[in-house]
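In what follows, a single structure is set out as structure tokens and then discussed.
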Amino acid sequence: MHEMKTSRRELMQLYRRLYRHYGDLQWWPGDSPLEISVGAILTQNTAWTNVEKAIQRLKEARSLSVRALSRLSHKKLARLIQPAGYFNVKARRLNNFLSFLQHRYGGSLRKMFKQDSLRLREELLSVNGIGPETADSILLYAGEKPVFVIDAYTKRIFSRHGVMDYDESYDDFQRLFMKHLPADAPFYNQYHAMFVNVGKDFCRKRPLCASCPLNGWRSVPPLQGD
């Protein structure tokens with residue numbers, strides 16, 4: 001793994017810079033662990049605004065419960081989540097997750113989240129259509145487990161600031177945070193949410209470095225590419 005020296009002090013300095021800019025983001029929006037888990041699956045390859053529309057349709061159809069979702073036909077579920085895009089693929093992924101939840105934990109998210117975090121992560125990753133980012137989002141945001149979520153924004157920000165190469169693995173990026181920072185779910189929640197926002201607002205494909213709250217965070221000159 002190619003990793004420049006990064007200290008806990010630097011990571012906390014980064015956190016404080018972003019917090020001064022954004023404040024408490026109260027992320028992830030959702031009324032229940034199930035809604036958050038469904039959102040984590042639906043948000044793959046789409047904007048959050050589209051996920052909100054799909055979840056609202058599920059609510060209006062009184063289908064946002066484990067029992068109701070499990071009773072929906074594939075066609076009906078796909079139609080309800082259509083705003084989230086790739087709706088046939090995502091309907092299958094939701095059904096795979098629901099099937100896992102029913103068979104392994106009797107349909108109870110409460111029972112599921114009593115499982116050891118590492119073991120549960122392995123189980124979620126064995127579900128077809130659930131990758132590391134989705135599994136960790138479910139663990140952190142729905143289960144309140146201290147697992148740091150890595151996404152494309154995080155990788156882009158860190159590669160541009162010379163911390164790690166963009167092409168390093170998900171696990172290598174995650175290890176960097178979890179090695180240096182305290183294992184605290186609300187802290188990880190806020191940290192990741194701020195990365196998402198600075199990625200959307202400033203660290204875009206064509207970055208807005210001059211106005212970014214991370215401008216000058218490290219002594220190395222920021223990189224302009226991914």
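Every residue in segment 9-25 that is touching a helix residue (DSSP H, G or I) at 6+ places or on another chain (Cβ under 8 Å) and either of a type in the set (A, V, I, L, M, F, W, C) or free of Cβ contacts under 8 Å to residues at least 60 places away in the same chain (or both), please.
Result: Leu11, Leu18, Leu25.
Could you please find all residues in segment 10-48 being of a type in the set (A, V, I, L, M, F, W, C) and more than 27 Å from Asn215 (Cβ to Cβ)?
The first filter runs over segment 10-48 and keeps only residues of a type in the set (A, V, I, L, M, F, W, C), leaving 11-12, 14, 18, 25, 27-28, 34, 36, 38, 40-42, 47-48.
Trp28, Leu34, Ile36, Val38, Ala40, Ile41, Leu42, listed by residue number.
Return yes when Thr43 is surrounded by 16 or more Cβ atoms within 10 Å (Cβ to Cβ), under 30 Å from Gly162 (Cα atoms), of a type in the set (Val, Ile, Thr) and under 22 Å from the mean Cα position of the chain (by Cα) and no when it is not. Spell out how you get there, then give the answer.
Numbers: surrounded by 16 or more Cβ atoms within 10 Å (Cβ to Cβ): yes; under 30 Å from Gly162 (Cα atoms): yes; of a type in the set (Val, Ile, Thr): yes; under 22 Å from the mean Cα position of the chain (by Cα): yes.
Answer is yes for this residue.
Could you check segment 146-187 and list, in sequence order, the residues that are under 18 Å from Trp217 (Cα atoms), out of contact with any Gly (no Cβ under 7 Å at 6 or more places or on another chain), outside any loop (DSSP other than H, G, I, E, B) and of a type in the set (A, V, I, L, M, F, W, C)?
Listed by number, the residues that qualify are Phe158, Met164, Leu176, Phe177.
Would you tally the residues in segment 52-110 being outside any helix (DSSP H, G or I) and touching an Asp or Glu at 6+ places or on another chain (Cβ under 9 Å)? Walk me through how you get there before you give the answer.
So the first thing to find is which residues in segment 52-110 are outside any helix (DSSP H, G or I), and the list is 61-65, 72-73, 81, 85-86, 106-108.
Still in the list and also touching an Asp or Glu at 6+ places or on another chain (Cβ under 9 Å): 64.
Going through segment 52-110 one residue at a time, the tally reaches 1.
FYI, it's all coordinate maths here, none of it is from the lab. The model shown is predicted, which means the values in this text are computed figures rather than measured ones. Cβ sites come from the backbone with ideal geometry, for glycine too, and all protein chains shown count toward neighbours.
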